[in-house]
1. Once R0 is set to 22 Å, what does the formula 1/(1 + (r/R0)^6) return for the Cβ-Cβ distance between Gln140 and Arg16, expressed as a FRET efficiency to the nearest 0.05?
2. About its Cα centre, how strong a charge dipole does the stretch 50-116 have in debye, to the nearest 20, once Lys and Arg get +1 and Asp and Glu get -1 at the Cβ?
3. How high is the relative contact order of the stretch 4-187, given as a whole-number percent (alpha carbon pairs under 8 Å, six or more residues apart)?
4. Return Glu143, Glu40 ranked ascending by Cβ neighbour count within 10 Å, so the fewest neighbours appear first.
5. If each of Ser87 and Ala6 carries a label point 7 Å out from its Cα toward its Cβ, how far apart are those two points in nm?
6. Suppose each label sits 7 Å from its Cα in the direction of the beta carbon; what would the Ala54-Arg159 distance come out to in nanometres?
7. Please compute the length gained on full extension between Arg75 and Leu103, using 0.36 nm multiplied by the number of residues separating them and subtracting their Cα-Cα distance.
8. When the chain is fully extended, how far beyond the present Cα-Cα distance does Arg173 get from Ile39, taking 0.36 nm per residue of separation?
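Every number in this text was worked out from the coordinates using simple rules, so none of it is lab data. All of these numbers come straight from a predicted model, not from anything done at the bench. A quick note on method: Cβ atoms are made from the backbone with ideal geometry, for glycine too, and the neighbour counts reach across all protein chains shown.
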Amino acid sequence: MTDPVAFDVPPAFSSRRLRLRHFTADDAPALHEALAESIEQLRERLWFIPWVAATPTLEAALVRCRQAQASFLLRTDLPYLAFDAGSGRLVGSIGLHRTDWSLPKTEVGYWIRSSEVGKGYASEGVATLTAWALDTLGAQRVELVTDELNAGSRAVAQRCGFQLEGILRNTVRHPSGRLSHSCVYARLPAGRP
């Protein structure tokens with residue numbers, strides 16, 4: 001297999017309403033604004049991610065942008081910021097994570113800023129990156145993993161054609177103390193069982 005760093009990954013994608021673009025340091029102010037608005041909701045669903053646990057300062061946003069940019073260049077993570085194509089407003093982030101380049105397989109993940117939830121941005125972005133992963137990357141599997149109680153993310157998975165493969169019980173302890181169950185959804189290339 002070719003070294004993943006040599007694989008040509010687009011720096012940006014466009015869909016009907018979104019422009020997905022890799023992170024740059026210049027995105028820190030917009031990211032800080034979106035995170036400050038959404039941090040409580042993010043911590044409810046994504047508390048286990050280190051940058052979500054951090055205090056949402058401008059410096060923390062800059063660090064996140066630079067780390068995301070470095071990961072993108074090294075192909076260890078493929079995160080994109082999602083901007084409304086008309087207004088240019090940052091509406092969230094959608095990416096391909098935990099890619100196993102030898103298979104290849106990947107996992108799609110996302111968050112949408114609080115004021116933009118419910119407008120279909122997650123589904124549009126997930127559909128865009130999943131299509132690229134299956135059609136161009138040659139992924140044999142794209143996963144979407146979400147908390148069993150996250151009805152919004154489960155709906156995104158279903159709208160984007162992912163099939164529920166199973167529910168893994170007691171996979172993570174929520175900060176409230178409850179044990180969480182993880183729903184594992186997947187899409188395979190067309191024609192694959």
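1. Numbers: r = 27 Å, r/R0 = 1.25.
Computed FRET efficiency for Gln140 and Arg16 comes out at 0.20.
2. Values: 7 positive and 6 negative charges, 17 e Å.
Result for the stretch 50-116 is approximately 80 debye, rounded to the nearest 20.
3. Details: 318 pairs, mean separation 32.2, N = 184.
Reported as a whole number, the value is 17 percent.
4. Details: Glu143 19, Glu40 8.
Going from least to most buried by this count: Glu40, Glu143.
5. 4.4
6. In this crude label model, Ala54 to Arg159 measures out at 3.0 nm.
7. Details: separation 28, 0.36 × 28 = 10.08 nm, distance 1.47 nm.
Difference between extended and current length: 8.6 nm.
8. Details: separation 134, 0.36 × 134 = 48.24 nm, distance 1.91 nm.
The span from Arg173 to Ile39 would gain 46.3 nm if fully extended.
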